[in-house]
Amino acid sequence: MQKNGPPAVVVGLSITGLGIVRSLAKSGINVIGVDTGFNKPSSHTKYCKKVTCADIDSEDKLLEALILISKKAEVKPVLFLSTDMSVLIASENREILEDYYLFNLPTKSTVQTFMHKTLFAEFARRNSFHIPKTFVANGIEDVEVFAEQVDYPCVLKPSFRQPIWDKSTPVKVFKAQSKEELMNLYRRNSSLANRFVVQEMIPGPDREVYFCLLFYNSLSKPAASLTGRKLVQWMPELGSTCIAEKFDNSIVYNESIRLFDRVSYKGIGSVEFKRDMRDNKFKIMEPTIGRADLQSTIGYHNGVNFPLLEYCDCLNLEAPKFVSKKRKQYWVNEEGLFWFLTSGKVKPSRNELIQVIKKEKAYAFFDLHDIKPFVYFLFYLIRLFIKKLW
């Protein structure tokens with residue numbers, strides 16, 4: 001790629017955004033990172049120019065910042081999104097953004113359906129996709145009814161996680177062991193979302209959670225994929241990836257393709273499954289659409305650069321040919337792994353740790369050519385330690 005080509009604009013510099021930035025910049029593309037602030041360790045990357053947006057979760061503020069960036073560029077930039085909220089904003093305002101950016105997104109109705117868990121549950125049932133037993137709750141009366149029908153333990157989660165949810169609680173979903181606990185969780189958190197999902201928990205270890213990363217080109221054809229599985233999550237059973245590995249799984253791949261083909265998908269996306277050991281079926285936990293997933297950088301480290309494919313497709317450039325690496329690399333999220341190892345709630349087996357330590361690994365923060373995110377992550381841990389001592 002030429003350094004004087006159109007820039008790539010990445011909205012959000014979390015771990016997900018950092019992975020996109022590095023994947024593009026290391027391929028010779030100028031990258032601009034947009035965020036509300038740059039205090040997160042991941043935002044200290046050297047690989048992008050940084051532009052401040054007053055609030056990337058605000059429709060007006062984000063559009064204003066993106067239009068200003070595009071006007072300053074000589075050609076239309078290619079737009080990359082790294083948060084659900086930015087995907088919704090871009091999708092609802094695509095007619096405006098198309099004058100300023102190149103990007104691939106599925107249709108507005110697909111974004112709405114796949115982004116909201118209640119709508120996706122209905123879609124999955126209509127189209128014969130396996131999902132956990134799911135109940136849609138519009139109020140406390142619904143929760144009271146479903147509390148009698150669901151098997152325990154179960155989970156309570158918002159239909160769509162608004163920014164207020166992330167600001168109010170550190171967990172993505174709540175686990176309930178009984179009807180009383182479920183009702184109490186709903187009462188404490190009912191103000192954080194308009195609709196909730198009560199869903200059965202699929203039994204089994206976290207290593208039974210699988211994912212398929214996909215890129216569909218502008219013609220809605222699958223152009224690249226990688227399947228993998230999680231080995232460690234924080235929090236266990238309900239959280240985000242700490243360690244993941246490339247892992248071939250034809251069922252996960254075929255079901256992901258069937259799902260995205262059903263809606264004539266475009267762009268980067270992924271689907272997460274968990275194998276239900278009771279009936280040996282792979283059940284969809286959630287799709288991620290319009291953006292990369294947390295662990296999507298595992299593709300780059302195993303020979304598939306999804307952001308680069310998106311960039312080339314938007315510019316009608318010949319797609320690069322990737323060579324699969326002979327030795328697969330694990331992907332490690334240092335922050336999640338730190339909380340996992342220090343929580344005291346879960347003790348990984350010694351053999352599992354030794355196995356992971358011996359393997360080739362790529363990290364969310366650590367990169368010898370871009371060391372600042374890791375250094376600031378260490379500063380973050382030191383501040384936590386001092387605060388705890390104080």
Residue hits (the range 226-244; in a strand (DSSP E or B) and either charged (D, E, K, R) or surrounded by fewer than 19 Cβ atoms within 10 Å (Cβ to Cβ) (or both)) are 229, 230, 240
Being among the small types (Gly, Ala, Ser), closer than 30 Å to residue 32 by Cβ and modelled with pLDDT under 95 narrows 344, 290, 336 down to just 336
Among the residues of the range 131-174, the number that are over 21 Å from residue 336 (Cα atoms) and basic (Lys, Arg) is 1
Residue 54 meets each of (1) under 13 Å from residue 10 (Cα atoms); (2) surrounded by fewer than 22 Cβ atoms within 10 Å (Cβ to Cβ); (3) more than 22 Å from the chain's Cα centre (by Cα) with one exception, condition (1)
Meets criteria (touching a residue at least 24 places away in the same chain (Cβ under 8 Å) and surrounded by fewer than 19 Cβ atoms within 10 Å (Cβ to Cβ)) for residue 198
no
Picking from 109, 86, the residue that is within 30 Å of residue 201 (Cα to Cα) and in contact with a Leu (Cβ under 7 Å, 6 or more places away or on another chain) would be 86
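Looking at 79, 18, which one is crowded, with 24+ Cβ neighbours inside 10 Å, closer than 23 Å to residue 335 by Cα and out of contact with any Gly (no Cβ under 8 Å at 6 or more places or on another chain)?
Residue meeting the stated conditions: 18.
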Filter the range 1-30 for residues that are in a loop (DSSP other than H, G, I, E, B) and among the basic types (Lys, Arg); the one that is farthest from the chain's Cα centre (by Cα) is 3
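Select from the range 245-272 the residues that are part of a loop (DSSP other than H, G, I, E, B) and either within 30 Å of residue 338 (Cα to Cα) or in contact with a helix residue (DSSP H, G or I) (Cβ under 6 Å, 6 or more places away or on another chain) (or both) and list them in ascending order.
Narrowing the range 245-272 to residues part of a loop (DSSP other than H, G, I, E, B): 247-249, 263-266.
247, 248, 249, 263, listed by residue number.
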Residue hits (the range 241-255; under 17 Å from residue 304 (Cα atoms), touching a residue at least 40 places away in the same chain (Cβ under 8 Å) and not basic (Lys, Arg)) are 244, 245, 253
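Per-residue answers, yes or no, for (1) out of contact with any helix residue (DSSP H, G or I) (no Cβ under 6 Å at 6 or more places or on another chain); (2) farther than 25 Å from residue 236 by Cβ; (3) touching a residue at least 60 places away in the same chain (Cβ under 8 Å); (4) in the same structural domain as residue 196 (by TED's automatic domain parsing):
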site	(1), (2), (3), (4)
125	yes, yes, no, no
139	yes, yes, no, yes
150	yes, no, no, yes
156	no, no, no, yes
159	no, no, no, yes
For the range 184-211, the count of residues that are touching a helix residue (DSSP H, G or I) at 6+ places or on another chain (Cβ under 9 Å) and part of a strand (DSSP E or B) equals 6
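The values are calculated or read from the model by the stated rules, or taken from the named source; none is laboratory data. Worth saying up front: this structure is predicted, and the values here are computed from it rather than measured. When we count neighbours, we look across all protein chains shown, and the Cβ atoms used for this are built from the backbone with ideal geometry, even at glycine.
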